[in-house]
1. Out of curiosity, is residue 81 of a type outside the set (Asp, Glu), at pLDDT below 90, assigned to a loop (DSSP other than H, G, I, E, B) and surrounded by fewer than 13 Cβ atoms within 10 Å (Cβ to Cβ)?
2. Collect the residues in region 128-141 that are surrounded by 14 or more Cβ atoms within 10 Å (Cβ to Cβ) and in contact (Cβ under 8 Å) with a residue 40 or more places away in the chain, keeping them in residue-number order.
3. Residue 86 passes all but one of (1) out of contact with any Leu (no Cβ under 6 Å at 6 or more places or on another chain); (2) under 23 Å from residue 160 (Cα atoms); (3) modelled with pLDDT under 85; (4) buried (at least 20 other Cβ atoms within 10 Å of the Cβ); which number fails?
4. Could we say that residue 64 is in contact with a Lys or Arg (Cβ under 6 Å, 6 or more places away or on another chain), under 17 Å from residue 175 (Cα atoms) and either surrounded by 20 or more Cβ atoms within 10 Å (Cβ to Cβ) or at pLDDT below 90 (or both) here?
5. Of the residues 93, 149, 145, only one is assigned to a helix (DSSP H, G or I) and crowded, with 22+ Cβ neighbours inside 10 Å; which?
6. Would you confirm whether any residue within region 15-28 is charged (D, E, K, R), modelled with pLDDT of 90 or more and crowded, with 19+ Cβ neighbours inside 10 Å?
7. Output the residue which, of all residues in region 96-116 that are under 15 Å from the mean Cα position of the chain (by Cα) and aliphatic (A, V, I, L, M), is surrounded by the most Cβ atoms within 10 Å (Cβ to Cβ).
8. For region 101-127, enumerate the residues that are of a type outside the set (Gly, Ala, Ser), more than 22 Å from residue 11 (Cα to Cα) and touching a residue at least 40 places away in the same chain (Cβ under 8 Å).
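The values are calculated or read from the model by the stated rules, or taken from the named source; none is laboratory data. In this text, all values refer to a predicted model and were calculated from it rather than measured experimentally. Positions of Cβ are backbone-derived with ideal geometry, glycine not excepted, and every protein chain shown enters the neighbour counts.
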Amino acid sequence: MMAPTPSTVIQAKLVLLGDLGAGKTSIVVRFAKGLYYECQESTIGAAFFSQALPVSGAGGGEDATVRFDIWDTAGQERYHSLAPMYYRGAAAAVVVYDITSTDSYTRAKRWVDELQRQGNPHLVMALVGNKVDLEKKRNVGTQEALEYAERNGLFFMETSAKTAQNVGELFYELAERLVKVRPNHPTGMVLHEGQPGVGGRWFCCSG
């Protein structure tokens, strides 16, 4: 029996940015550990997670595994000055806002502006409206955010960390986009020829 051909492993630095309480940590904990905590403690400084996601070679492309090195940054204003340490050189960024908070959305747009000015020019960026389980309390329209994202070259998705709606889809879309831009070898990505650990998954978190 022939041994399987090892797929390409792409290690990519990913940063999450957004206002305090937008649900950044809840999104990444849901993705990396499949868990949701009703009372999630606020992140202090930043927390690190690692998770790998296989991407099938759709359209005749090669199979790949994207290993995300995820930096979940604190949303408090006093930690803003630390953010460039985490987004500098990142291959991807997820800017999160709370759909029930217009202030959170305004803050998200400021993060987008900052990333466009100071981040990696090849950055794959997503704008994410979180907490769609609170639809009755919505204050930020889907169409408004979608149009903003399109004008700024981002992809847009709405999620619920609580119900897991679109959380897996968000990271899979990021992984697919990183595979597509891989030939350009953007900053924040490291290529490995080989196979990941058992089952093709890594789990690690702190903070």
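1. On the way: of a type outside the set (Asp, Glu): yes; at pLDDT below 90: yes; assigned to a loop (DSSP other than H, G, I, E, B): no; surrounded by fewer than 13 Cβ atoms within 10 Å (Cβ to Cβ): yes.
In short, no.
2. 128, 130, 131, 140
3. (2)
4. Working: in contact with a Lys or Arg (Cβ under 6 Å, 6 or more places away or on another chain): no; under 17 Å from residue 175 (Cα atoms): yes; either surrounded by 20 or more Cβ atoms within 10 Å (Cβ to Cβ) or at pLDDT below 90 (or both): yes.
Taking the combined requirement at face value, the residue does not satisfy it.
5. On the way: 93 fails: assigned to a helix (DSSP H, G or I); 149 fails: crowded, with 22+ Cβ neighbours inside 10 Å.
The unique qualifying residue is 145.
6. Narrowing region 15-28 to residues charged (D, E, K, R): 19, 24.
The next check asks that each one be modelled with pLDDT of 90 or more; those that pass are 19, 24.
Adding the requirement that they be crowded, with 19+ Cβ neighbours inside 10 Å leaves 19, 24.
So far as region 15-28 goes, yes, one or more of its residues are charged (D, E, K, R), modelled with pLDDT of 90 or more and crowded, with 19+ Cβ neighbours inside 10 Å.
7. Top of the filtered list is 96.
8. 103, 105, 107, 111, 112
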